[in-house]
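Notes to accompany the following structure.
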Amino acid sequence: MTQPEQEFIKVRTKKLEALLELGIDPYPSTFNRTHSSSEAIEYYLQCEEDSVEPEGEISIAGRIMSRRGMGKASFLDIRDGSGRIQVMMRSNVLGDNYTILDNLDIGDWIGVKGTLFRTRTEEITLQTNKFTILCKSLRPLPEKWHGLTDVETRYRQRYLDLIASDEAINIAKSRSLLVSTIRRFMEDRGFIEVETPMLVPVAAGGMAHPFTTHHNALNRDLYLRIATELHLKRLVVGGLEKVFEIGRVFRNEGIDQQHNPEFTTMESYEAFADYNDVMVMVENLVSQSAIAINQTAKVEFGESSLDFTPPWPRIDLRTKIIDETGIDFLEHTNSDSLKNAMQAIGINVSQQVSFAGLLDKLISDKIEPTLTQPCFLTDYPVAMSPLAKKTSSNPKMVERFEGFVMGMEICNAFSELNDPIDQRLRFEEQERLHQEFQTEEMDRLDEDFLIAIEHGMPPTGGLGIGIDRLAMLLTANPSIREVILFPQLRN
């Protein structure tokens, strides 16, 4: 704590003690608020429209954000969860209680009871007849609370960001609206919401490094889930034909503009559907979410004008790679061949060794940056997709798509593999690759899941969509840290 901070706290502590000496409880349990600030303003505007005077007194409550003295009157700006309103305090109305204002500071919470009127400057204001101290703050707001710009402070002390910025409040509310919109969209289509374990014995269902923990009572190591996929597909086996889950998943990976070690996904599985059905569902879900948040399917993101209106282009992955790089991955049957082809066009492949890892690098470097408008990349090689069903036309390819916007993946989906023999062989291949290429991320064999689908899983279309990245796009934020209230940060 700096010396100035200590001095501020000392001064505010003395004011707290003065309030206590006056017999005032600076931390009461409750306050009877009749209106939020926005409701109070709307009420007054409606009275004006109806040409009637506001009836009786109303009560509002909020944090003091500014204070201006004018002789024997003071004006305070009060901020609550819905906005701000001006409050007027007059000594001839409050009497001896007016002197209590000397013990109030910016950042304190108060409740105010009074009547609404317009000032000479036409600002709707509450004329205070009585006020109650609801919380005496001991720490001052940052010096530049009205425009907090220090990024580290904004992320580490998100509450200060929310106090300082209406935009931060709007982002938090938009994200909440996004989640509720997705939930309603899925429920309207007959999906049921479920919950699956976060602690799992096998970190399968994706290609990612997991977080490890130990359960003392069971005396076994467990992992934080990297995906919800395999448990949700167990439910389809059990007869729940349309299921979805909105929840956190955890991946022990790097932190950057698009990645946070814990993030939120919505995964869904629908029996008797394939990846074409899922594509239609995704473009409708995202466009409806855009309209819910922005009242339009078009979003301005930096210098780009994004249009989420369906249908989105379907782009064949193999064709796109050939067009952009001249490389046909079906002509390169091993990792050495593909690595040489990629090096020949200037791609640094020093960190990739497996065929799937190399191809992922090729897509990331040369394809994703070209995908600005909402679109789907379709039909991936088997080597990259151990959980997807093969296409009927080519056994080296699978029915998979990924959705991209602004060069960023927002979703991944398959026609789910329901052949238990093929699935076991692919899991075994993933285990072999895991041993051979231990520095790369591989899926893992989950025996319990294999036993489940050996009981029979119907044809199923599956989807995983990243809610954080979708929130980034729909609120026009280039950093994932802006849309996660408490992002992970370095020491």
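The values are calculated or read from the model by the stated rules, or taken from the named source; none is laboratory data. Quantities reported herein were computed from a predicted structural model and do not represent experimental measurements. Neighbour counts run over all protein chains shown; Cβ positions are idealised from the backbone, glycine included. Note: accessible area is taken over every heavy atom of the protein model, side chains too, but ligands, DNA and RNA are not part of it. Shrake-Rupley method; radii C 1.70, N 1.55, O 1.52, S 1.80 Å.
In table form, for the structure just shown:
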| quantity | calculated |
| --- | --- |
| Selection from the range 164-215 of residues that are more than 21 Å from VAL286 (Cβ to Cβ), of a type in the set (A, V, I, L, M) and open to solvent by less than 30 Å² (accessible area, probe 1.4 Å) | ALA164, ALA168, VAL194, VAL200, ALA203, ALA204, ALA208 |
| Unmet requirement for THR228, which otherwise passes all of (1) more than 30 Å from PRO458 (Cβ to Cβ); (2) open to solvent by less than 50 Å² (accessible area, probe 1.4 Å) | (1) |
| Selection count where residues are in a strand (DSSP E or B) and open to solvent by 10 Å² or more (accessible area, probe 1.4 Å), scope the range 255-270 | 8 |
| Tally of residues being touching a Phe, Trp or Tyr at 6+ places or on another chain (Cβ under 9 Å), assigned to a loop (DSSP other than H, G, I, E, B) and either free of Cβ contacts under 8 Å to residues at least 12 places away in the same chain or hydroxyl-bearing (Ser, Thr, Tyr) (or both) across the range 334-361 | 1 |
| Residue among ARG432, ARG426, ARG490, ARG444 that alone is in contact (Cβ under 8 Å) with a residue 24 or more places away in the chain, assigned to a helix (DSSP H, G or I) and farther than 19 Å from PHE244 by Cα | ARG426 |
| From the options SER74, SER82, SER59, SER66, residue that is of a type in the set (Ser, Thr, Tyr) and loosely packed, with under 15 Cβ neighbours inside 10 Å | SER66 |
| Options LEU76, LEU16; residue that is assigned to a helix (DSSP H, G or I), modelled with pLDDT of 95 or more and among the hydrophobic types (A, V, I, L, M, F, W, C) | LEU16 |
| Pairs with Cβ under 9 Å, 6+ apart, first in the range 452-469 and modelled with pLDDT under 95 and surrounded by fewer than 22 Cβ atoms within 10 Å (Cβ to Cβ), second in a strand (DSSP E or B) and among the small types (Gly, Ala, Ser) | none |
| Residue match in the range 272-294 (condition: closer than 24 Å to PRO197 by Cβ and of a type in the set (Gly, Ala, Ser)) | no |
| The range 291-321 - residue that is touching a Ser or Thr at 6+ places or on another chain (Cβ under 7 Å) and part of a helix (DSSP H, G or I) and, of those, nearest to LEU474 (Cα to Cα) | ILE293 |
| Looking only at the range 394-418, and only at residues there that are touching a strand residue (DSSP E or B) at 6+ places or on another chain (Cβ under 9 Å) and open to solvent by 30 Å² or more (accessible area, probe 1.4 Å), the one that is nearest to VAL236 (Cα to Cα) | ASN418 |
| Single residue of ALA452, ALA413 found to be over 20 Å from ASP336 (Cβ atoms) and part of a strand (DSSP E or B) | ALA413 |
